[in-house]
Amino acid sequence: MKTTKKLILAILCACSMTLSAYAQQAVNGDAMVAYAIDFLGVPYVEHTLDLEGPEELVLNCDEMDCTTFVEYVLAEALCPVVDGDISESEFAQNVVNIRYRDGKINGYTSRLHYISDWINNGVRNGFLEDITAQKSQDTQQLNLNYMSTHPQEYKQLANSPENVATMKRIEESLTGQTIHYLPKDKVPYNGLS
């Protein structure tokens with residue numbers, strides 16, 4: 001169990017972000033690890049958010065990928081605990097705020113598909129603080145275009161020139177930004193402190 005806890009903590013730390021000072025008042029790291037441990041044994045499944053029809057909030061804690069795992073743990077950590085439980089509606093709203101640009105579901109392209117966009121959204125909306133620059137001097141200039149140049153690989157882009165054009169504008173707005181990153185080989189075994 002101790003190794004599993006370290007592994008989960010390392011995964012969360014590898015994101016190189018932390019809760020904002022505001023969010024930290026309500027949450028501690030042990031709570032986040034406990035929420036993460038609750039998901040042990042949940043099957044890894046790709047594309048759980050890519051359903052037919054218009055974009056809507058999907059909450060599927062029975063199967064998840066790496067991103068939805070982090071979203072659910074963070075959403076739980078941001079919920080106040082009342083009588084040992086969290087509010088399902090607050091959890092759902094937290095997921096919306098985390099997953100969608102400025103907390104608004106407005107079609108497929110309002111979902112934050114690029115991690116840099118996801119982090120920027122969290123920082124802008126006050127529930128994340130990007131501490132990567134404090135932990136690493138490694139930088140990279142973003143050059144994003146994968147989704148708009150490979151629309152056939154995305155159900156919601158394949159037959160929607162409008163979504164492809166919007167995705168291209170999003171990629172262009174992120175391209176050129178210089179970000180700090182933490183190379184995998186520099187992540188300490190016990191996580192970041």
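The values are calculated or read from the model by the stated rules, or taken from the named source; none is laboratory data. All values reported here derive from a predicted model rather than from experimental measurement. Neighbour counts run over all protein chains shown; Cβ positions are idealised from the backbone, glycine included. Ligands, DNA and RNA are excluded from the accessible area calculation, which covers all protein heavy atoms including side chains. Shrake-Rupley method; radii C 1.70, N 1.55, O 1.52, S 1.80 Å.
Per the listing Leu7, Leu12, Leu74, the residue uniquely modelled with pLDDT under 90, in a helix (DSSP H, G or I) and closer than 18 Å to Trp118 by Cβ is Leu12. Restricting region 67-125 to residues that are polar (S, T, N, Q) and within 20 Å of Thr175 (Cβ to Cβ) leaves a set whose member that is farthest from the chain's Cα centre (by Cα) is Thr109.
Is it true that some residue in region 102-119 is out of contact with any helix residue (DSSP H, G or I) (no Cβ under 9 Å at 6 or more places or on another chain) and farther than 20 Å from Val58 by Cβ?
First, pick out the residues of region 102-119 that are out of contact with any helix residue (DSSP H, G or I) (no Cβ under 9 Å at 6 or more places or on another chain): 106.
Restricting the remaining residues to those that are farther than 20 Å from Val58 by Cβ gives none.
Looking through region 102-119, none of the residues is out of contact with any helix residue (DSSP H, G or I) (no Cβ under 9 Å at 6 or more places or on another chain) and farther than 20 Å from Val58 by Cβ.
Quick one: which of Met1, Met17 is crowded, with 19+ Cβ neighbours inside 10 Å, out of contact with any Gly (no Cβ under 6 Å at 6 or more places or on another chain) and modelled with pLDDT under 95? Give the derivation first.
Details: Met1 fails: crowded, with 19+ Cβ neighbours inside 10 Å.
Only one candidate passes the filter, namely Met17.
I'm trying to understand the selection: among the residues of region 34-68, which are open to solvent by 30 Å² or more (accessible area, probe 1.4 Å), in a helix (DSSP H, G or I) and hydrophobic (A, V, I, L, M, F, W, C)? Within region 34-68, Ala34, Ile37, Cys66 meet the criteria. Quick check on region 124-138. Is at least one of its residues open to solvent by 30 Å² or more (accessible area, probe 1.4 Å) and of a type in the set (Val, Ile, Thr)? Checked against the condition, which is being open to solvent by 30 Å² or more (accessible area, probe 1.4 Å) and of a type in the set (Val, Ile, Thr), region 124-138 yields no hits at all. Here the condition is being among the hydroxyl-bearing types (Ser, Thr, Tyr) and touching a residue at least 40 places away in the same chain (Cβ under 8 Å); of Tyr108, Tyr100, Tyr146, it holds for Tyr108 alone.
Out of region 148-165, which residues are touching a Leu at 6+ places or on another chain (Cβ under 9 Å) and either exposed (fewer than 12 other Cβ atoms within 10 Å of the Cβ) or farther than 14 Å from Gly53 by Cα (or both)?
Looking only at region 148-165, we keep the residues that are touching a Leu at 6+ places or on another chain (Cβ under 9 Å), and these are 148, 150-151, 155, 163-164.
Selection gives Ser148, His150, Pro151, Val164.
Within region 54-65, restricting attention to residues that are touching a strand residue (DSSP E or B) at 6+ places or on another chain (Cβ under 9 Å) and in contact (Cβ under 8 Å) with a residue 40 or more places away in the chain, which residue is farthest from Ala36 (Cα to Cα)?
Filtering region 54-65 for residues that are touching a strand residue (DSSP E or B) at 6+ places or on another chain (Cβ under 9 Å) and in contact (Cβ under 8 Å) with a residue 40 or more places away in the chain, the one farthest from Ala36 (Cα to Cα) comes out as Glu55.
Can you say whether Ile98 is assigned to a helix (DSSP H, G or I) and among the aliphatic types (A, V, I, L, M), as far as the supplied structure shows? Here the answer is yes, as Ile98 does meet what is asked.
Taken as a whole, the structure places Lys168 among residues that are surrounded by 15 or more Cβ atoms within 10 Å (Cβ to Cβ), closer than 26 Å to Leu49 by Cα, without any contact (Cβ under 8 Å) to a residue 24 or more places away in the chain and among the basic types (Lys, Arg). Here Asp83 clears all of (1) touching a residue at least 12 places away in the same chain (Cβ under 8 Å); (2) open to solvent by 50 Å² or more (accessible area, probe 1.4 Å) except the condition numbered (1).
Hey, among Asn143, Asn97, Asn106, which residue is surrounded by fewer than 18 Cβ atoms within 10 Å (Cβ to Cβ), modelled with pLDDT of 95 or more, among the polar types (S, T, N, Q) and closer than 27 Å to Val73 by Cα? Working first, answer last.
Details: Asn143 fails: closer than 27 Å to Val73 by Cα; Asn97 fails: surrounded by fewer than 18 Cβ atoms within 10 Å (Cβ to Cβ).
Checking each option against the conditions leaves just Asn106.
Here Gln134 does not qualify as of a type in the set (S, T, N, Q) and touching a helix residue (DSSP H, G or I) at 6+ places or on another chain (Cβ under 7 Å).
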